[in-house]
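Worksheet: the structure to be examined is printed underneath.
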């Protein structure tokens, strides 16, 4: 009999966040509706993580904990909007550079939005692969990133899909440590991206 086991650190982190009232965690499975604009089908359950008062233009999901893997899903980001809402900079500090989507961007510019997103904290990010793909029924781009996370020098890998319909952006990205977590999670994420449809 197969059992489902959550890592101790994940459970502890979720419990601390819930007790502090700074995050909510909801199990999601089957077909999911993303911001009333896109649907995806999950082959296995994920944990949807939210932080009250810190609403983002994407949904964040994880299986092992956000430090170990995270899936982000954007649905209907309009031209002129950023892909992330950053907290205001503290006195004397520079504001984080946030990527802003603009209608008419070329495929490499779309991929660059996510390079900027994942390097905003000072991490080293490089696009290692870029190829055309059909995503959410539109001609889009699939990209891969190599990331060296600033806070602990962990080598991360990322894969993403992005397409534009009209003046709205739709995207999915998955980031996890290059060894172990990324290769294990990637097939399921590829299936999620393939299932993505616009509503």
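Since every read-out is calculated from the coordinates, none of them should be taken as a lab result. Nothing here was measured: the structure is a model prediction, and the numbers come from that model. Note that we place each Cβ from the backbone using ideal geometry, even for glycine, and neighbour counts take in every protein chain shown.
Which distance in nm do the two modelled labels at residue 139 and residue 79 give, with both placed 7 Å along the Cα-to-Cβ direction?
With each label point 7 Å from Cα toward Cβ, the separation is 1.8 nm.
When 173, 62 are ordered from fewest to most other Cβ atoms inside 10 Å of their Cβ, what list results?
62, 173
Want the number for residue 198 to residue 105: 0.36 nm per residue separation, take away the alpha-carbon distance, what's left?
Gain in length upon complete extension: 31.5 nm.
Please rank 192, 148, fewest neighbouring Cβ atoms within 10 Å first, as an exposure proxy.
The fewest-first ordering by Cβ neighbours comes to 148, 192.
So for the stretch 111-199, averaging the separation of alpha carbon pairs under 8 Å that are six or more residues apart and normalising by length, what relative contact order in percent results?
22 percent
So between residue 48 and residue 130, what do we pick up on full extension, going 0.36 nm a residue minus the alpha carbon distance?
Answer, rounded to one decimal: 26.7 nm.
For the stretch 98-199, just list the percent of Cα-Cα distances falling in each 5 Å bin from zero outward, please.
Per 5 Å bin, starting at zero, the Cα-Cα P(r) for the stretch 98-199 comes out as 3, 13, 24, 23, 20, 12, 5, 1 percent.
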